[in-house]
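Visitor: Handing you this structure, nothing more for now.
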Amino acid sequence: MSSQPSSPPTLLERLSPYVAIARPDHWFKNVFMALGVVLAFFYHPDVLGIAAMGRIAWAVVATCLIASSNYVINEILDAPTDRNHPTKSNRPIPAGRVDLRWAYAEWIVLGVAGLLIAMTLGRMFLLSATTLLVMGVLYNVRPVRTKELPYLDVLSESLNNPLRLLLGWFAVSQAEVPPVSLLISYWMIGAFFMASKRFAEYRSIGGTEAAGAYRSSFRHYDEGRLLVSMFFYATASALFLGVFIIRYHLELILSIPLIAGVFSYYMHVTLKPDSPAQSPERLYRERGLMVYLLLCVAVFLGLMFIKVDVMYEWFNVPPSEAPALWEF
């Protein structure tokens with residue numbers, strides 16, 4: 001019995017691999033812009049309004065396009081080593097479902113479109129958006145390709161965290177920058193999450209030789225080194241957050257137990273077999289973690305707008321009289 005000839009792929013089937021390499025499922029990471037938006041409104045409540053909401057929506061679109069541009073070049077240049085990974089070998093490019101010429105065109109078009117939108121949102125937003133795009137090139141493209149350098153791979157990719165905070169901030173305010181101590185803390189907590197991802201990947205792949213075939217930085221890592229780096233990043237994040245709290249808003253110290261719980265809870269998730277920390281887009285399945293994170297964010301942001309005078313007496317800390325922001 002002869003088999004029926006297969007029908008040609010539909011347009012949707014031909015386009016879906018190109019959509020997949022842009023990773024729209026990773027756009028949720030742009031939620032890190034939210035802290036920058038809320039901080040800007042905290043310092044400039046007078047700008048809150050319909051116009052500001054429109055700027056924020058436009059800023060999210062620009063950031064998503066630039067992030068997708070970075071994801072596309074990542075998919076293109078990682079394809080040779082992804083073929084050595086137990087699951088990433090099924091991605092569209094290593095699986096042979098993408099024409100690389102069109103993929104490179106997609107990378108350029110997404111990046112240019114994101115920057116064109118960023119231009120409408122002011123000089124500082126454009127500068128931050130350009131830096132986000134450049135970091136994607138440095139992370140992925142030789143001769144730099146920081147993702148192949150131990151520790152620098154984590155630090156360079158997690159720099160996107162404070163960049164997203166700045167993008168949220170500059171979507172609202174163009175005259176100042178938020179406190180540097182908070183930016184560094186945001187960077188370090190991103191590094192903790194990224195090092196946790198490396199740790200989970202290393203354990204899943206199993207052994208330095210196999211892991212090194214997938215990513216050259218893994219030739220230097222082992223479980224102990226990755227755990228020590230996670231401890232360093234968590235500690236650094238907490239210390240700089242403490243500087244921000246004491247310097248600018250002591251009431252936030254009430255959120256510290258919850259924030260410490262975030263590190264502990266995430267470590268618990270990271271240590272699970274086949275941990276979802278390998279793929280942050282899968283973390284929504286950890287419903288307990290998601291609820292806990294939402295609680296922490298709500299408490300932190302709520303405390304930004306609360307004044308508790310007695311706390312300054314308890315901790316013997318005078319209210320800050322210094323300006324909280326660096327002005328241009």
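Visitor: Please list, ordered by first then second residue, the pairs with beta carbon atoms under 6 Å, 6 or more apart or interchain, first in the stretch 109-124 and assigned by TED's automatic domain parsing to the domain that holds Ala51 and closer than 18 Å to Ala52 by Cβ, second buried (at least 18 other Cβ atoms within 10 Å of the Cβ) and aromatic (Phe, Trp, Tyr).
Guide: Ala118/Phe125; Met124/Phe170
Visitor: Between Thr81, Thr63, which is at pLDDT 90 or above, among the hydroxyl-bearing types (Ser, Thr, Tyr), assigned to a helix (DSSP H, G or I) and out of contact with any Asp or Glu (no Cβ under 7 Å at 6 or more places or on another chain)? Show your work before the answer.
Guide: Working: Thr81 fails: at pLDDT 90 or above.
Exactly one of Thr81, Thr63 is at pLDDT 90 or above, among the hydroxyl-bearing types (Ser, Thr, Tyr), assigned to a helix (DSSP H, G or I) and out of contact with any Asp or Glu (no Cβ under 7 Å at 6 or more places or on another chain), namely Thr63.
Visitor: Among the residues of the stretch 223-256, what is the count of those that are surrounded by 15 or more Cβ atoms within 10 Å (Cβ to Cβ), touching a helix residue (DSSP H, G or I) at 6+ places or on another chain (Cβ under 7 Å) and not hydrophobic (A, V, I, L, M, F, W, C)?
Guide: 7
Visitor: Determine whether Val297 is surrounded by 17 or more Cβ atoms within 10 Å (Cβ to Cβ), of a type in the set (Val, Ile, Thr) and part of a helix (DSSP H, G or I). Talk me through it step by step, then tell me what you get.
Guide: Working: surrounded by 17 or more Cβ atoms within 10 Å (Cβ to Cβ): yes; of a type in the set (Val, Ile, Thr): yes; part of a helix (DSSP H, G or I): yes.
Answer is yes for this residue.
Visitor: Among the candidates Leu77, Leu65, which residue alone is touching a Leu at 6+ places or on another chain (Cβ under 9 Å), assigned by TED's automatic domain parsing to the domain that holds Glu157 and among the hydrophobic types (A, V, I, L, M, F, W, C)?
Guide: Residue meeting the stated conditions: Leu65.
Visitor: Given Ser237, Ser173, which one is more than 18 Å from Ser128 (Cα to Cα) and either out of contact with any Lys or Arg (no Cβ under 7 Å at 6 or more places or on another chain) or not assigned by TED's automatic domain parsing to the domain that holds Phe300 (or both)? Spell out how you get there, then give the answer.
Guide: Values: Ser173 fails: more than 18 Å from Ser128 (Cα to Cα).
The conditions single out Ser237.
Visitor: Residues in the stretch 36-45: is at least one at pLDDT below 95 and outside any helix (DSSP H, G or I)?
Guide: Going residue by residue through the stretch 36-45, those that are at pLDDT below 95 are 36-45.
Remaining after also requiring outside any helix (DSSP H, G or I): 44.
The answer is yes; a qualifying residue exists.
Visitor: So, one more: Are any of the residues in the stretch 89-112 small (Gly, Ala, Ser), in a helix (DSSP H, G or I), modelled with pLDDT of 95 or more and within 21 Å of the chain's Cα centre (by Cα)?
Guide: Scanning the stretch 89-112 turns up at least one residue that is small (Gly, Ala, Ser), in a helix (DSSP H, G or I), modelled with pLDDT of 95 or more and within 21 Å of the chain's Cα centre (by Cα).
The values are calculated or read from the model by the stated rules, or taken from the named source; none is laboratory data. Values in this document were obtained by computation on a predicted structure and should not be read as measured data. Glycine gets a Cβ as well: all are built from the backbone with ideal geometry, and neighbour counts include every protein chain shown.
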